[in-house]
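Q: Below are the structure tokens for one structure; questions will follow.
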Amino acid sequence: MRKLAVITGGTKGIGRAIIEKFSSAGFDIATCSRNDADLAALKNSVEDKSKGAKLHFLKADLSDREQVNKFLEFVKGLAVPVDLLVNNSGVFLPGQISTEPEGNLETMLNTNVLSIYHLTRGLLPGMVKEKRGHIFNMCSIASFMAYKNGGSYAISKFALLGFSKCLREEVKEHGVRVTAIMPGATLTDSWSGTDLPPDRFMPPEDVANMVFATYSLSQRSVVEDIVLRPQLGDL
């Protein structure tokens with residue numbers, strides 16, 4: 001039986017690179033995003049490139065708790081144990097705490113923390129029952145390094161790193177591994193329109209390769225934190 005990887009926010013950037021990496025290694029994928037057309041195109045691309053691969057998708061906005069629940073039930077409905085969960089969905093709204101628009105904090109907490117909390121809680125019992133599984137949470141350099149225009153985004157990513165550390169302590173004795181990923185500037189749509197040269201960014205494939213290498217370790221080992229930065233430093 002092919003293993004199942006659940007990877008949220010899978011149609012672009014880091015999420016898409018992770019999906020392509022794991023599907024090429026023999027995994028079936030369950031993913032979601034807010035755009036049906038992008039999801040359908042991703043399914044066609046992945047299943048064309050990786051013989052025998054299946055990509056299951058559901059249109060869902062994970063900032064909405066009801067849609068988190070729908071995606072959770074969709075994954076459970078596949079009736080396959082989840083071997084890998086990559087909590088990749090997130091939103092970035094720059095700004096300063098004192099001046100950012102009202103609602104920024106709630107928007108980013110809902111997407112960057114609460115959706116991950118609820119989805120993980122929903123899938124975790126199955127992993128504990130199987131005594132295996134690996135959870136990756138897409139944190140950020142902003143999870144441990146404050147900066148002037150980080151505002152509510154940094155608050156949410158600090159919280160996600162804390163969630164990852166607490167979760168690891170809870171589940172390590174059950175054979176479930178937890179890894180926090182903290183990538184610096186990565187060449188994705190978030191940076192579209194920038195005048196900076198591509199060599200100032202990491203390619204999303206590098207993040208995907210690190211996720212796969214970390215997952216591939218024996219069950220006796222876990223990489224708790226991954227920090228990746230562009231060779232020339234932070235932006």
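The values are calculated or read from the model by the stated rules, or taken from the named source; none is laboratory data. None of these values were measured; they are calculated from a predicted model. Quick reminder, even Gly has a Cβ in these numbers, built from the backbone with ideal geometry, and neighbours come from all protein chains shown. Just the protein is used for accessible areas: all its heavy atoms, side chains included, with ligands, DNA and RNA removed. Shrake-Rupley method; radii C 1.70, N 1.55, O 1.52, S 1.80 Å.
Q: Mean separation of Cα pairs under 8 Å and 6+ residues apart, divided by the residue count of segment 138-235: what relative contact order is that in percent?
A: Working: 108 pairs, mean separation 30.1, N = 98.
This gives 31 percent for segment 138-235.
Q: With every protein chain kept in the model, how would you rank Ser221, Ser98 by accessible area, 1.4 Å probe, largest at the top?
A: Details: Ser221 55, Ser98 100 Å².
The ranking, largest first, comes out as Ser98, Ser221.
Q: Only Cα pairs within less than 10 Å get springs; with that Gaussian network setup on the chain, which residue of Ser89, Ser63, Ser218 has the largest fluctuation?
A: Most flexible of the set in this elastic network: Ser218.
Q: Within a Cβ distance under 10 Å of Pro183, other residues only, what is the Lys/Arg minus Asp/Glu net charge?
A: Numbers: positive: Arg229; negative: Asp206.
Net local charge, Pro183 excluded: 0.
Q: First measure r as the distance between the Cβ atoms of Asn149 and Lys129, then evaluate 1/(1 + (r/R0)^6) with R0 = 45 Å and state the FRET efficiency to the nearest 0.05.
A: On the way: r = 44 Å, r/R0 = 0.97.
It comes out at approximately 0.55.
Q: I've got another one for you. Considering only the other residues whose Cβ falls under 13 Å of the Cβ of Gly150, what net charge follows from Lys and Arg at +1 and Asp and Glu at -1? Mind dumping the intermediate values first?
A: On the way: positive: Lys148, Lys157; negative: Glu100, Asp234.
Around Gly150, the charge tally is 0.
Q: Taking amide hydrogens as modeled 1.01 Å from N in the peptide plane, which residues meet the under 5 Å criterion relative to Thr8, leaving out close sequence neighbours?
A: The list, which skips near neighbours in sequence, is Val86, Asn88, Ser89.
Q: Let me ask something else. Using 0.36 nm per residue of separation minus the Cα-Cα distance, give me the extension gain between Thr107 and Leu217 in nm, one decimal. Please list the in-between numbers first.
A: Details: separation 110, 0.36 × 110 = 39.60 nm, distance 3.54 nm.
Stretched fully, the Thr107-Leu217 segment lengthens by 36.1 nm.
Q: Provide the net charge surrounding Leu4, with neighbours chosen by a C-beta distance below 13 Å and charges set as Lys +1, Arg +1, Asp -1, Glu -1. Before the final figure, lay out the partial values.
A: On the way: positive: Arg2, Lys3, Lys54, Lys76, Arg132; negative: Asp28, Asp83, Glu130.
Local net charge: +2.
Q: If amide H atoms are built 1.01 Å from N in the plane of the peptide, which residues on other chains or at least 5 residues away come under 5 Å of the amide H of Leu187?
A: Met202
Q: For a label point 7 angstrom out from the Cα of Lys12 toward its Cβ, which stretches of segment 40-66 have the backbone nitrogen within less than 17 Å?
A: Counting only backbone N, you get 40-43, 59-63.
Q: Let me ask another. Which value, in debye to the nearest 20, gives the size of the charge dipole of segment 132-235 about its Cα centre, when Lys and Arg are +1 and Asp and Glu are -1 at the Cβ? Write down the numbers at each step before the final one.
A: Numbers: 10 positive and 11 negative charges, 65 e Å.
So the dipole magnitude of segment 132-235 works out to roughly 320 debye.
Q: How far is it, in nm, from the label point at Arg2 to the one at Cys166 when both lie 7 Å from their Cα along the line to the Cβ?
A: Going by the 7 Å Cα→Cβ label model, 3.6 nm.
Q: Lysines within cross-link reach of Lys59: Cα-Cα under 26 Å, excluding same-chain residues under 8 positions apart?
A: Lys3, Lys12, Lys21, Lys43, Lys49, Lys51, Lys70, Lys76, Lys157
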